[in-house]
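Okay, so here's the structure we're looking at.
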Amino acid sequence: MTPEKHFHDELAEVNDMLLGMSSLVLEIFDDAVESVLTDDAEQAQRIIDERGRVDSLEVAIEERCLALIALHQPVAIDLRMIITAINIIRDLERIDDIAIDICQDAIGLHALKKKPDTLFDVPALARVSASMVHDAVRAFVKRDPRWARQVCERDDEADDLERKIHDDIIAYAEKHPDEVAACVHLLTIARALERIGDHSTNIGEMVVYLMTAKIIKHHHDVETEDGAQADG
């Protein structure tokens, strides 16, 4: 086996590991959101008890990536793939951490007797955040920079929803001081869901970088020829 063939086999294994990590994180996030929407404290606790799987995958993938750089000194799209992988696993690990935080708030909310009979617009924000993270991963799988850019462009929608939820809950809490504890949990969940959108945007940005060699961080509104792959 030639060194080049060995390198690309190793790179393909990194890609497969990253896809496996992505699937696991999506499952954990979806279950965490469901635990809030269905008031399922048992499911939330199960997710918390099983934490650590994503951390192990992050370490394993990063070690493989760093070894590939040290041993093969890749260039062009091969190097971008490794840089992208390292960045994406960090965002996936943060999404996993945030999902655990959501579960802890779900348990806290479940335990309270006095709480609003509404989740405000938290379900709507959950749908936006879930679609963003799923589409960001799909953009990576399909190597689709246009799809990735669309994920980035939806970040404002998540931000606007989170602000509305914040304002609505604060107004409600002022009129219902005996439900403040529950309102705090809902505010924290909304903020966590907004952060999921931020990390999904980061993944989208890295997919654009991978396929076009263009860095679009802070410049999502700049038109680029994403349809054409970068040289190399």
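The values are calculated or read from the model by the stated rules, or taken from the named source; none is laboratory data. Note that this is a predicted model, so its numbers are computed, not measured. Neighbour counts are summed over all protein chains in view; Cβ atoms, including those assigned to glycine, are modelled from backbone coordinates with ideal geometry. Surface areas here come from the heavy atoms of the whole protein model, side chains and all, with no ligands, DNA or RNA. Shrake-Rupley method; radii C 1.70, N 1.55, O 1.52, S 1.80 Å.
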Carbon plus sulfur, as percent of the 1.4 Å-probe accessible area of the chain, comes to 53 percent
Residue by residue, what Karplus-based ³J(HN,Hα) values in Hz, rounded to whole numbers, does segment 108-113 have, using 6.51, -1.76 and 1.60 with θ = phi - 60° and x for Gly and Pro? x, 5, 4, 6, 7, 7
Got a sec? Charge dipole of segment 90-232, +1 on Cβ for Lys and Arg, -1 for Asp and Glu; which of Val141, His166, Val208 is way out at the positive end? Val141
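In deg cm²/dmol, rounded to 500, what helix-only [θ] at 222 nm does the chain give when every DSSP H run of at least 4 residues adds -39500 (n - 2.57) and the total is split over its residues?
-28000 deg cm²/dmol
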Express in whole angstrom the spacing between the alpha-carbon centres of segment 1-57 and segment 108-171. 20 Å
Provide the per-residue ³J(HN,Hα) series for segment 46-56, in order, calculated from phi with Karplus coefficients 6.51, -1.76, 1.60 and θ = phi - 60°, each as a whole number of Hz, with x at glycine and proline positions. 4, 4, 5, 5, 9, 5, x, 5, 5, 4, 5
For the Asp159, Asp9 Cβ pair and Förster radius 45 Å, calculated FRET efficiency rounded to 0.05 is 0.60
List the pairs from Lys113/Lys175; Lys115/Lys175; Lys142/Lys214; Lys142/Lys217; Lys115/Lys164; Lys5/Lys217 whose alpha-carbon separation is above 23 Å, in the order I gave them. Lys5/Lys217
Would you mind getting the accessible area per residue of segment 74-198, heavy atoms of the protein chains only, 1.4 Å probe, in Å²? 44 Å²
Per residue, in Å², the accessible surface of segment 1-67 once ligands and nucleic acids are set aside, probe 1.4 Å: 53 Å²
Applying 1/(1 + (r/R0)^6) with R0 = 45 Å to the Cβ-Cβ distance of Ala70 and Arg138, what FRET efficiency is obtained, to the nearest 0.05? 0.90
Can you give the FRET efficiency for Ile77 and Glu27, using 1/(1 + (r/R0)^6), R0 = 25 Å, r = Cβ-Cβ distance, to the nearest 0.05? 0.25
Relative contact order for segment 30-180 using alpha-carbon pairs under 8 Å, separation at least 6, rounded to a whole percent? 27 percent
Got a sec? Charge dipole of segment 1-91, +1 on Cβ for Lys and Arg, -1 for Asp and Glu; which of Val59, Phe29, Ile47 is way out at the positive end? Val59
How tilted is helix 122-142 with respect to the longest principal axis of the chain? Cα atoms for both, answer in degrees (0 to 90, nearest 10). 10 degrees
Compute the acute angle (0 to 90°) between the alpha-carbon long axis of helix 155-175 and the principal axis of greatest extent of the alpha-carbon atoms of the chain; round to the nearest 10°. 20 degrees
Taking θ as phi - 60°, what are the ³J(HN,Hα) couplings along segment 64-71 by the Karplus curve (6.51, -1.76, 1.60), each to the nearest whole Hz, with x for Gly and Pro? 5, 5, 5, 5, 5, 5, 5, 8
